[in-house]
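K.L.:
My structure is below; once you've seen it, I'll send some questions.
The values are calculated or read from the model by the stated rules, or taken from the named source; none is laboratory data. Since this is a predicted model, take the numbers as computed values, not measurements. Backbone-built Cβ (ideal geometry, glycine too); neighbour counts: all protein chains shown.
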């Protein structure tokens, strides 16, 4: 039983957060130039960060909870590049020799012959589909496929892809990674809310001195903490039909934190350029992705039981 | 002492404890939680439980070995409380002594005081109660008015304490009293050991909104307390109180509540007309989510415990835990009330009434939110 990320993962998470603060000093941004994203991707690859989920030469890999610690750091400064799918695909296809700088994504089956793909249009992304037969093959997103970019930090495309599957282990990985990223978004949202409440003055005092604002921030802190506990449990015990609601509960709590952040910012929070909507859109998008993953497995089969993650 | 729930030491401790609990929790208590026993029988079971804990070396699990404890860290402590609750163990009458008075004496008492009071606390021979809250000092605990006036070698204590659990069984009271001028806030209180059998002490039960009485008010009318019974320096009682109020004592309660709430969530599912094995439809009216929320409490406590075992500050986690379980308990009681299960209606109604207390005692939800906002998040006072 692992309750906290390992010391190694915690240290790696701090180092990663520092790199991300350099790469993306302004917080979430929608209007990020393509070359800036390409540079960010190169910096991630140069640091070896896409490999964090793979087993090393001695066979010792980070546990899912450890990987989630790094993904949480990513969520706090997320850019629209396929970092998380790359980490997951490399974890699933350990041993497949692919250059570190290769962006990767995967397919989630949604109904007969269809799949959703996160980050379908990031330049050079290789999309790996797991066939029901067990083989993995690369698929293309056809030119002109409709891309849902409601979540500006994680666009998603629906593609035709027959015979696609996702094993329960991978469903757990997708849900845990998505929830970890949402927790990272929420942590940043709470930090920004508190920073704003300390410096924004109305009626001659910082708005954060009013108990109504304080108590809302305290609720956001509780929501964030409980979301982290739900994530820890998910990474340790997997998903069953009975615990699917726990994943939904985790995402709802992260969303409430971002909603609270917008409220604390008042009118400024509602503007495009303050950028809080990127976080809000992202937690909604991440929850939808996890829902797709769970629907594929937990919607139609009765024999699903806990996928224990015994590490 | 281990710092991780997954360690072999923690697992072995859990196994040994389970075996001991299986052979020691009284059968009558395990079955109905004492519901079918008379008041006298309940008291006897709880006293006997104190004695069994002591005999087996499970009293004062976190006390240092030199004072008769086991010297365990927070991980074993949490395992201890969770397993006791899972096994349906009674709550001993010695709880205030073990969790509050003993640690206070260990931290601030004289050698003579430790030699006199610690062992009877562990053995369950002497019962303690906590005299902090007053009618005019609730959330604002420093506003204590009970006066301890110096008169030679004694203090003369007069005033009123309230919400005092165990007062009618207690031999000693850990009393926070005013010894300095009222205007010297936080520097005018002293911590005293008061003999509950002394002349001038009167205990009166408080009747709660449910009709039950679990707490008391205690009146002190010119009660003589030897100066040697002061813990710490005169007028330094606030600091003494804070060292014990900010330790991990909230963990014991969170562990107990986790087990209570698990039972409640199973009851909710049953009352919703479905057994857990038949979950899957949308007919449960949403009560299935409570099982997840209860499990989140367990992981939240375990995360806080491991952080504290690794040297982190326990205090910020306590406010989150208290806020979370107390409001969850109320939500679940409301849900139970709304299910309209005829068989369990009266049980849920009592639960509902009694759960109103959870967001008030041990620091109201409003105070907990202030603590989080000001001391964890750093918002201005």
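K.L.:
Within the range B:197-213, can you find the residues that are surrounded by 14 or more Cβ atoms within 10 Å (Cβ to Cβ), modelled with pLDDT under 95 and under 14 Å from residue B:164 (Cβ atoms)?
P.N.:
Scanning the range B:197-213 gives a single hit, B:208.
K.L.:
Quickly run through the range B:230-248 and pick out the residues that are under 12 Å from residue B:176 (Cα atoms), part of a helix (DSSP H, G or I) and touching a helix residue (DSSP H, G or I) at 6+ places or on another chain (Cβ under 8 Å). Reasoning before the result, please.
P.N.:
First, the residues of the range B:230-248 that are under 12 Å from residue B:176 (Cα atoms): B:230-232, B:234-242.
Then drop every residue that is not part of a helix (DSSP H, G or I), which leaves B:237-242.
Result: B:238, B:240, B:241.
K.L.:
Checking the conditions here, which among B:21, B:100 is part of a helix (DSSP H, G or I) and within 20 Å of the chain's Cα centre (by Cα)?
P.N.:
Details: B:21 fails: within 20 Å of the chain's Cα centre (by Cα).
The conditions single out B:100.
K.L.:
Given B:221, B:264, which one is surrounded by 14 or more Cβ atoms within 10 Å (Cβ to Cβ), modelled with pLDDT of 90 or more and either part of a strand (DSSP E or B) or more than 14 Å from every other protein chain (Cβ to nearest Cβ) (or both)?
P.N.:
Residue meeting the stated conditions: B:264.
K.L.:
May I ask you to list the residues in the range B:272-307 that are more than 10 Å from chain A (Cβ to nearest Cβ) and at pLDDT 90 or above?
P.N.:
The one that is more than 10 Å from chain A (Cβ to nearest Cβ) and at pLDDT 90 or above: B:294.
K.L.:
When you scan the range A:241-248, do you find a residue that is more than 10 Å from chain B (Cβ to nearest Cβ) and touching a strand residue (DSSP E or B) at 6+ places or on another chain (Cβ under 9 Å), even just one? Walk me through it before giving the result.
P.N.:
Looking only at the range A:241-248, we keep the residues that are more than 10 Å from chain B (Cβ to nearest Cβ), and these are none.
No, there is no match, as no residue in the range A:241-248 is more than 10 Å from chain B (Cβ to nearest Cβ) and touching a strand residue (DSSP E or B) at 6+ places or on another chain (Cβ under 9 Å).
K.L.:
For the list (1) surrounded by fewer than 22 Cβ atoms within 10 Å (Cβ to Cβ); (2) without any contact (Cβ under 8 Å) to a residue 60 or more places away in the chain; (3) in contact with a helix residue (DSSP H, G or I) (Cβ under 9 Å, 6 or more places away or on another chain); (4) assigned to a strand (DSSP E or B), I need the number of the one condition that residue B:190 fails.
P.N.:
With (1) surrounded by fewer than 22 Cβ atoms within 10 Å (Cβ to Cβ); (2) without any contact (Cβ under 8 Å) to a residue 60 or more places away in the chain; (3) in contact with a helix residue (DSSP H, G or I) (Cβ under 9 Å, 6 or more places away or on another chain); (4) assigned to a strand (DSSP E or B) applied to residue B:190, the lone miss is (1).
K.L.:
Inside the range B:336-381, can you point out the residues that are in contact (Cβ under 8 Å) with a residue 24 or more places away in the chain, within 14 Å of chain A (Cβ to nearest Cβ) and assigned to a helix (DSSP H, G or I)?
P.N.:
Result: B:365, B:366, B:367, B:368, B:369, B:371, B:372, B:375, B:376.
K.L.:
Name every residue in the range A:121-133 that is surrounded by fewer than 23 Cβ atoms within 10 Å (Cβ to Cβ) and under 23 Å from residue A:49 (Cβ atoms), in order of residue number.
P.N.:
Answer for the range A:121-133, where residues must be surrounded by fewer than 23 Cβ atoms within 10 Å (Cβ to Cβ) and under 23 Å from residue A:49 (Cβ atoms): A:121, A:122, A:123, A:124, A:125, A:126, A:128.
K.L.:
Being within 11 Å of chain B (Cβ to nearest Cβ) and part of a loop (DSSP other than H, G, I, E, B) is the filter here, so list the residues in the range A:162-212 that pass it.
P.N.:
A:210
K.L.:
Kindly indicate which of B:114, B:46, B:119, B:52 is under 30 Å from residue B:34 (Cα atoms) and touching a helix residue (DSSP H, G or I) at 6+ places or on another chain (Cβ under 8 Å).
P.N.:
Step by step, each of B:114, B:46, B:119, B:52 is checked, and only B:52 is under 30 Å from residue B:34 (Cα atoms) and touching a helix residue (DSSP H, G or I) at 6+ places or on another chain (Cβ under 8 Å).
K.L.:
Right, next: Can you name every one of the helices (runs of 4 or more DSSP H) wholly within the range A:1-103 that holds 3 or more residues which are in contact (Cβ under 8 Å) with a residue 12 or more places away in the chain and under 30 Å from residue B:307 (Cα atoms)?
P.N.:
The helices (runs of 4 or more DSSP H) meeting that bar are A:7-23, A:64-76, A:83-92.
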